[in-house]
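Just below is one structure, and these are the notes that go with it.
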Amino acid sequence: MAEPLEFTPHKQGSKSPTAFRTIAEVAEELDLPQHVLRFWESKFPQVRPLKRGGGRRYYRPEDVTVLHRIRSLLHEEGYTIRGAQKLLRQRKAKIDNAEAEPLAVIETPADKNKKNNELESVRDELKKILEELRACRKLLD
């Protein structure tokens, strides 16, 4: 038997995090037109809203999480649909092999660059500290 749907009047932020959401609510949350969400459903098999009578869609919390990630990949990180599909397929393969990280932790090229810059900054700071320690050692000798 299917999970029962949680229905509450729509108010921004008034639903439980585990509640199902309509396409209108998800479109508003993602600041996208509804037709874009329907299009993404055809391109990303990871998004599988429950369809009720009359074709009304109800998105599970997992669907909304995946849609946030897709939006981020396409609109913020510059991936093409094909690139985003590949990235999400790779993640699914990792899950199937029990090696996956949470969805929000998929590392993108932008993430790698940021991490490299942070590491470089830490390295520079450590070099300065090492120089200061060597100078202190010379004074003590």
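Bear in mind these aren't lab numbers, they're just calculated from the coordinates by the rules spelled out. This is a predicted model, so every value here is computed, not measured. Heads up, the Cβs are rebuilt from the backbone with ideal geometry, glycines too, and the neighbour counts pull from every protein chain shown.
Here are the numbers for the structure shown:
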{"item": "Burial ordering of Lys86, Lys15, fewest other beta-carbon atoms within 10 Å first", "result": "Lys86, Lys15"}
{"item": "Likely footprinting exposure, Arg123, Arg91, Arg48, fewest C-beta neighbours within 10 Å first", "result": "Arg123, Arg48, Arg91"}
{"item": "Least to most buried among Tyr59, Tyr79 (fewest other Cβ within 10 Å first)", "result": "Tyr79, Tyr59"}
